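One structure is given here, and the rest of the page talks about it.
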Amino acid sequence: MIESDQISEAPGSFRREKISVSDLAAFGGAPLFSSPLHVTRPNAGDKERFFGLVEESWERRWFTNDGVMVADLETRLADRLGVKHCITASSGTAAMELAIRALELAGSVIVPAFTFVSTAHMLHWAGIRPVFADIDPRNWALDPESCRKKIAPDVSAVIATHPFGMAADIEALQALCDKEGIPLLFDSAHAFGCTYQGKPIGGFGRAEIFSFHATKAFHTFEGGAITTNDDALAADLRSMRNFGFSGYDQVERAGTNAKMSEIHAAMGLTNLDAFDDILAASARCFQSYEQALRDIGGITMRLPNAADRSNHHYVAAETDSERLGVTRDQLLDLLGAEGVYARRYFYPGTHCSEPYRTLFPDAGAKLPVTEALLNRIIQFPAGATVDGDDVRALGNLLRFIAAHAAEIAEALAQRD
Ligand SMILES: Cc1ncc(COP(=O)(O)O)c(C=O)c1O
């Protein structure tokens, strides 16, 4: 039974300390959170600023096609990232497709399996074979040594991801690609606002590709961009995102429609103005997690490399079922019942998603680090919109689960 003096409430959420296992929502107790906590809730800058920009665009009657706000956003993003060119696009996936086609990649391309499926999809659609290499357990990014072993005559590029904003080993990957004479690209969807060796992510490799989807640290509702220091590539990308036009009525190559509209750029400008505040709020949330998850045996929070700056937009951890006493998936079910929608991220891995699972059924056997992580990883609700009280309540819940794990595991077994 729950005693009334053991109930605490906070605005927006309904707090109940768990006293006994039957208090867990999975077994009929009241959920800890009355409104769900999702892994990410979109950031949003100043509403007045956004609607002011929309109003201006309305008056101009210039809604798309290289509008003034898209141009302004591209200039400001390039400045912030310390890179010569920023070419916005309608999504991160469209940006990746543009880069793949502009560089005329062919044959096969080395990618991690521990990433979002979109990269492999864009390769596959272009008739290119994705070759999955393993990740480094230290940063969960493409392992240069595993990559080296996958080099073959038909490999035309390497595309690495900076997962959760943790920079890949750029130096080693660049050295490998230089030796092979192939371009190195980055899927930097998670890494806006992060640095590597003191320099912003965005200026590395031949090009970096960002997603500006609403769930990302910096976003434009939907959108994306390619950043590069290569003038010729930038010009090709600009033309290819606009059907291949090079002048008013001149089409010089095959292209697509991957343009960003003005209303998307308005959201980008609004969020860019607020981005330093967003970074600070996300860092506070991250620090709350560092405190809240401290000393919970079986849940190890992943901390960014101390030498790099993180955007702190994600909180991911590795679970150890043996130490925790419940499996990662049982933990997810317990949390879900409490209104905490933590996730298994990049699960089940690109290599286990169609069409790759059918095309390359044995890929997983050669990716031991990837496979192990996919079975252990958990991503918690985080970012600028999650407050410290919620994190502390979640930490207490996790501590309760860890302390009563044997009883919970038995109750789950009886229930199922
Ligand atoms: C790592 C990663 N790459 C690429 C994408 C695709 O970006 P978009 O949704 O903007 O197409 C996402 C997520 O959306 C992602 O998380």
Problem set entry | So Ala189, is it touching a Cys at 6+ places or on another chain (Cβ under 9 Å) and in a loop (DSSP other than H, G, I, E, B) | no
Problem set entry | Enumeration of residues in region 327-366 that are within 16 Å of the ligand (Cβ to nearest atom), in contact with a strand residue (DSSP E or B) (Cβ under 7 Å, 6 or more places away or on another chain) and open to solvent by 50 Å² or more (accessible area, probe 1.4 Å) | Arg343, Arg344
Exercise. Does Leu32 satisfy being part of a helix (DSSP H, G or I) and touching a Ser or Thr at 6+ places or on another chain (Cβ under 9 Å)?
Worked result: no
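I'd like to know if region 100-107 contains one or more residues that are within 16 Å of the ligand (Cβ to nearest atom) and either modelled with pLDDT of 95 or more or open to solvent by 10 Å² or more (accessible area, probe 1.4 Å) (or both). Don't jump to the end; show me each part of the working.
We begin by selecting, within region 100-107, every residue within 16 Å of the ligand (Cβ to nearest atom); these are 100-101.
Subset that is either modelled with pLDDT of 95 or more or open to solvent by 10 Å² or more (accessible area, probe 1.4 Å) (or both): 100-101.
Scanning region 100-107, I find at least one residue that is within 16 Å of the ligand (Cβ to nearest atom) and either modelled with pLDDT of 95 or more or open to solvent by 10 Å² or more (accessible area, probe 1.4 Å) (or both), so the answer is yes.
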Problem set entry | Yes/no for Thr256 being touching a helix residue (DSSP H, G or I) at 6+ places or on another chain (Cβ under 8 Å) and buried (at least 20 other Cβ atoms within 10 Å of the Cβ) | no
Seminar exercise, completed: Of (1) among the charged types (D, E, K, R); (2) more than 16 Å from the ligand (Cβ to nearest atom); (3) more than 23 Å from Val111 (Cα to Cα), Glu171 fails just (3)
Exercise. Residues of region 153-168 being within 16 Å of the ligand (Cβ to nearest atom) and either among the acidic types (Asp, Glu) or within 20 Å of Gly198 (Cβ to Cβ) (or both), which ones?
Worked result: Ala160, His162, Phe164, Gly165, Met166, Ala167, Ala168
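This table checks each residue for (1) of a type outside the set (Val, Ile, Thr); (2) touching a residue at least 60 places away in the same chain (Cβ under 8 Å).
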residue: Asn375; (1), (2): yes, no
residue: Thr385; (1), (2): no, yes
residue: Asp390; (1), (2): yes, yes
residue: Leu397; (1), (2): yes, yes
residue: Ile401; (1), (2): no, yes
residue: Glu410; (1), (2): yes, no
Exercise. Of everything in region 134-152 that's more than 16 Å from the ligand (Cβ to nearest atom) and of a type in the set (Gly, Ala, Ser), which residue is surrounded by the most Cβ atoms within 10 Å (Cβ to Cβ)?
Worked result: Ser146
Problem set entry | Residues (surrounded by fewer than 22 Cβ atoms within 10 Å (Cβ to Cβ) and in a strand (DSSP E or B)) located in region 379-397 | Gln379
Exercise. Which one is nearest to the ligand (Cβ to nearest atom) among residues in region 216-263 that are closer than 21 Å to Arg76 by Cα and free of Cβ contacts under 8 Å to residues at least 60 places away in the same chain?
Worked result: Phe221
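For (1) in a loop (DSSP other than H, G, I, E, B); (2) within 30 Å of Lys199 (Cα to Cα); (3) hydroxyl-bearing (Ser, Thr, Tyr), each residue gets a yes or a no:
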| site | (1), (2), (3) |
| --- | --- |
| Asp333 | no, no, no |
| Pro348 | yes, no, no |
| Arg357 | no, no, no |
| Leu374 | no, yes, no |
For this session: Give the residue that is most open to solvent (accessible area, probe 1.4 Å), with candidates limited to residues of region 193-215 that are outside any loop (DSSP other than H, G, I, E, B) and more than 13 Å from the ligand (Cβ to nearest atom).
Result: Lys199
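The values are calculated or read from the model by the stated rules, or taken from the named source; none is laboratory data. Please read these numbers as outputs of a predicted model, since none were measured by experiment. We place every Cβ from the backbone using ideal geometry, glycine too, and count neighbours over all the protein chains shown. All accessible areas refer to the heavy atoms of the entire protein, side chains included, with ligands and DNA or RNA removed. Shrake-Rupley method; radii C 1.70, N 1.55, O 1.52, S 1.80 Å.
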